[in-house]
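Written below as structure tokens is the structure these notes are about.
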Amino acid sequence: MILLGAVVGDSINVFSTVIASDAAQVTFADGLILRLIILTLRWVVTLAFVMRYVAQLRADPPKSLVYDKGRERDTFPERYACPGR
């Protein structure tokens with residue numbers, strides 16, 4: 001999921017876009033509409049993927065990649081409680 005967010009945000013990274021524009025000797029605004037279209041498409045695809053994943057997890061929670069981590073978190077206080085508290 002983190003990788004999806006990084007990919008979506010990469011098309012609007014101002015620093016890399018300005019550096020690449022300077023290297024190509026074009027203005028920053030060249031291709032801005034195309035970059036915004038690509039950003040929108042990436043965002044829609046990522047959102048659809050995440051929503052599909054969430055729907056699958058709601059139907060069957062053990063399919064989650066971190067399902068067991070939740071159980072560890074729930075038992076944390078009992079396993080690591082300080083004596084005398």
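What the table shows:
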| read-out | value |
| --- | --- |
| 37 °C / 0.692 mPa s Stokes-Einstein diffusion coefficient of region 12-58, Kirkwood radius on C-alpha pairs, µm²/s | 262 µm²/s |
| Carbon/sulfur fraction of accessible area - region 24-71, other protein chains in place, 1.4 Å, % | 70 percent |
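The values are calculated or read from the model by the stated rules, or taken from the named source; none is laboratory data. All figures in this text were calculated on a predicted structure; none of them were measured in a lab. What goes into the accessible areas is simple: the full protein's heavy atoms, side chains included, and nothing from ligands, DNA or RNA. Shrake-Rupley method; radii C 1.70, N 1.55, O 1.52, S 1.80 Å.
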